[in-house]
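Here's the structure we're looking at; comments come further down.
Coordinate-derived values only; no laboratory data. Predicted model only: the values in this text are computed from it and were never measured. We place every Cβ from the backbone using ideal geometry, glycine too, and count neighbours over all the protein chains shown.
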Amino acid sequence: MRLINRVLAALLSLALIAVSLLLIIEVIVDRASHRTAVVNWHTAYHWAQRNSWAAGSIRVTSGILILIGLVLLIAELKRPRVSRFAADPAGAGADGIDTAYTRRGLSAAIRSAVTAVDGVRSTAVKVKRRKVKIAAVASAQDRAAARSLRDPIAEAARERLTALKLRRPPSVLVRVAPRSR
Amino acid sequence: MHADRTNRTMMVLFALLLIAVGLDAGAASIGAYGTHTQHSLLMANPTGHFIGSNGAWLWPVAAVAALIIALLALRWLLALLFSTDRSGDLVIRSSSGAGRTTLANGALTDAVVGEIEGYRGVNSARARLIGDAEDPELVVTAGLEESADFTALRQRIETEALTHARQALGNMALPTQLDLTISTKKASRVT
């Protein structure tokens, strides 16, 4: 979101500069020669003198503005995805150091631990604030054999989380599917 | 930091403005302010009349306000494009108060990176000093090999590299952030 915000902010600041400069130019030219300079705002003025609030275009524009505003507001106020998982300060080597594992690092650590389990063909790991979701594919095509891997996979993931010594280790959720062919 | 906080605040304000304008115009359009307003012309309202009768001084004032807005938006854009959160060079205070020592920002971060990358089990490291040069914060990211002993490496980085950095700055309470990441990459170290 930070990157998107930077792009949106650049566009908004450019739009503000452009609209402000246009307004200044139009006011100066109108005062000097009673003409329009860049934007023919007389057309808009006459349109506003002819149309009422009940016009369909006003409703459509209002709806679009509300929709864009709501989407933007929800995106801005949405809780950002957690990016750091704090390490337990009890295991710190020095005071006053804020140590954490990155989300991507945590995901890679769990994936490597789970992939090392005998019978696991591939793994996808999603790390959320309080939960780690592991979706593994077994080497076997047999559903029962795949199901039997659930506990070893969960155990491997928990062992890895214990080794990382996180302040609040997330819980582990495992789903194992048999190899499709 | 590319004005991230300002960006977010401005975007929230912009969103609220869009919603407010949309709701106001929408309410007038569906007759929430009465059928008289709903069927009146867009300019036939107290605001329109005020603008119409006070245009002689209102538009020059609007132009001045627009100039201020344009300057503020330009400042925002420049901050967005060119600002950085990195500290400048650091001044080391001597205990005697005599003399003045300046430590180049890059010298410290390069030393920290070099030391951490020398540890077995670390495949990469990055460091930067952020904030005010008088009161900086050290931010370090270390990439650990998946086969490494994470706890031992974490303690080694904290007790050695980061403590050395604090000693070099003469500030054992230097705010420090350590981000550990784990990857399947192996360090290209000669053994």
Handout entry: For region A:16-40 and region A:72-117, distance of Cα centres in Å
Key = 53 Å
Practice task
Only helical DSSP H runs with n ≥ 4 go in: add -39500 (n - 2.57) per run for the protein assembly as shown, normalise by residue count and round the 222 nm mean residue ellipticity to 500 deg cm²/dmol.
Solution key: -17000 deg cm²/dmol
Completion exercise
With Cα coordinates, the longest principal axis of chain B makes an angle with the long axis of helix B:4-30, in degrees rounded to 10, of 20 degrees
Problem - Contact order relative to length of chain A, as percent, for alpha carbon pairs under 8 angstrom and 6 or more apart - result: 17 percent
Practice task
May I ask you to work out the translational diffusion coefficient for region A:2-77 at 20 °C, viscosity 1.002 mPa s, via Stokes-Einstein with Rh from the Kirkwood sum over Cα pairs, reported in whole µm²/s?
Solution key: 139 µm²/s
Fill in the blank from the handout: With the 8 Å Cα cutoff and a minimum separation of six or more residues, region B:125-175 has a relative contact order in percent of 30 percent
Exercise for the section: List A:Tyr101, B:Tyr119, A:Tyr45, B:Tyr33 from most exposed to least, where exposure is judged by having the fewest other Cβ atoms within 10 Å. Expected result: A:Tyr45, B:Tyr33, B:Tyr119, A:Tyr101
Practice task
Work out, step by step, the length gained on full extension between B:Thr151 and B:Glu137: first 0.36 nm times the residue separation, then minus their alpha carbon distance; give nm to one decimal.
Solution key: 2.7 nm
Problem - Normalised contact order of chain B, rounded percent, pairs of Cα under 8 Å and 6 or more residues apart - result: 16 percent
Fill in the blank from the handout: FRET efficiency (A:Arg121, B:Ala32; Cβ distance; R0 45 Å; to 0.05) is 0.15
Exercise for the section: Just the number, please: percent antiparallel of the DSSP beta bridges in the protein assembly as shown, rounded to the nearest 5. Expected result: 55 percent
Exercise for the section: Determine one quarter of the surface area of the Cα convex hull of the protein assembly as shown, which equals its mean projected area, and express it in nm² to one decimal. Expected result: 30.6 nm²
Exercise for the section: Can you tell me the dipole magnitude for the protein assembly as shown around its Cα centre, using point charges on the Cβ only (Lys, Arg +1; Asp, Glu -1), in Debye to the nearest 20? Expected result: 1600 debye
Practice task
Tabulate in residue order the Karplus-calculated ³J(HN,Hα) for region B:57-65, using 6.51 cos²θ - 1.76 cosθ + 1.60 with θ = phi - 60°, rounded to whole Hz; enter x for Gly and Pro.
Solution key: 9, 5, 5, x, 5, 4, 5, 5, 4
